[in-house]
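The values are calculated or read from the model by the stated rules, or taken from the named source; none is laboratory data. Predicted model, so just to flag it, every value in this text is computed and none were measured. As a convention, Cβ positions derive from the backbone with ideal geometry for all residues, glycine included, and neighbour counts pool all protein chains shown.
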């Protein structure tokens, strides 16, 4: 035998004895599939190549080897991917005709639906949170507006210097606020009234509770001349305490009512300081229903607490009685 013939026999023998090399009858594309099933860089690529080989080259020289590897490997991959959408997508793309493809598609649909529901719930929850935050901010604005309105009118009335004169002698800002700003005040005989309804919310146990506070600005005249100025309203001190403390008091007990009056009194004391400074005008002894009384610079300020639901709470400013 020539040396060339010997070399050919040796080469053929090596090829037949090694599954990693193509056979004489194996087409290059078939061997390429087998090779990819063994050396592709990702598991998905190896599974895809093995699945194609088993389908496209039935009875091929590498069928048993690949079937023995593909079966348990595919099964393990499917079980590992069962609760992981990225892995299920990868299975679907790599093995569009794989043994578990229908289970994979069904599982993908279920997980996608679950994820969509979760996203929707999270979106709804985010919307509820935003709505709650908006309402809380609005409620805080309303409470501040109520307290600010009471402060503004207290400042206006405690600064009146024209008792005993017609209301036309009031300063321009007070006249504008009483007669021209909405809702407009009006006079009937010796009684001038401006009724303000101030709505606000306070936190309840589970939700915000809406309140409507009535604040009436009263100017009382005698023969057309200003005799007394008054801020009054039903449960005015309770409503102020609610707005200040954020504690709802829909039907206060006597103890809660007393606490609310005390809390409102602290605010009134602070508001009286500019015109009725405590250092110059000490508090006078107060007897119910008067809670606070201070006389200063020819004027008397009295804070009065209504004794029942039929009586208004009020803050009165009038000339001091000699």
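When the helices (runs of 4 or more DSSP H) confined to the range 1-62 are screened for residues that are assigned by TED's automatic domain parsing to the domain that holds residue 81 and at pLDDT 90 or above, those reaching at least 1 such residues are found at 28-39, 43-56.
Please indicate, with yes or no, whether at least one residue in the range 100-114 is in a loop (DSSP other than H, G, I, E, B) and either touching a helix residue (DSSP H, G or I) at 6+ places or on another chain (Cβ under 7 Å) or touching a residue at least 12 places away in the same chain (Cβ under 8 Å) (or both). Steps first, please.
First pass over the range 100-114, keeping only residues in a loop (DSSP other than H, G, I, E, B): 100.
So of that shortlist, the ones also either touching a helix residue (DSSP H, G or I) at 6+ places or on another chain (Cβ under 7 Å) or touching a residue at least 12 places away in the same chain (Cβ under 8 Å) (or both) come out as 100.
Among the residues of the range 100-114, at least one is in a loop (DSSP other than H, G, I, E, B) and either touching a helix residue (DSSP H, G or I) at 6+ places or on another chain (Cβ under 7 Å) or touching a residue at least 12 places away in the same chain (Cβ under 8 Å) (or both), which makes the answer yes.
Among all residues of the range 78-85, there is none that is closer than 22 Å to residue 26 by Cβ and surrounded by 19 or more Cβ atoms within 10 Å (Cβ to Cβ).
Take the residues in the range 312-322 that are in a loop (DSSP other than H, G, I, E, B) and surrounded by fewer than 17 Cβ atoms within 10 Å (Cβ to Cβ), then tell me which one is modelled with the highest pLDDT.
Going through the range 312-322, the residues in a loop (DSSP other than H, G, I, E, B) turn out to be 312, 320-322.
The next check asks that each one be surrounded by fewer than 17 Cβ atoms within 10 Å (Cβ to Cβ); those that pass are 320-322.
Values: 320: 92, 321: 85, 322: 74.
It comes out as 320.
If you go through the range 236-252 one residue at a time, do you hit one that is surrounded by fewer than 19 Cβ atoms within 10 Å (Cβ to Cβ), under 36 Å from the mean Cα position of the chain (by Cα) and assigned to a helix (DSSP H, G or I)? Yes. Can you confirm whether the range 235-254 contains a residue that is more than 18 Å from residue 146 (Cβ to Cβ) and at pLDDT 95 or above? No, there is no match, as no residue in the range 235-254 is more than 18 Å from residue 146 (Cβ to Cβ) and at pLDDT 95 or above.
Considered as a group, the residues in the range 264-311 that are in contact (Cβ under 8 Å) with a residue 60 or more places away in the chain and farther than 19 Å from residue 156 by Cβ include one that is surrounded by the most Cβ atoms within 10 Å (Cβ to Cβ), and that residue is 305.
From the list 298, 275, 306, which one is on the phi > 0 side of the Ramachandran plot and in the same structural domain as residue 178 (by TED's automatic domain parsing)? Walk me through it before giving the result.
On the way: 275 fails: on the phi > 0 side of the Ramachandran plot; 306 fails: on the phi > 0 side of the Ramachandran plot.
After ruling out the rest, the residue left standing is 298.
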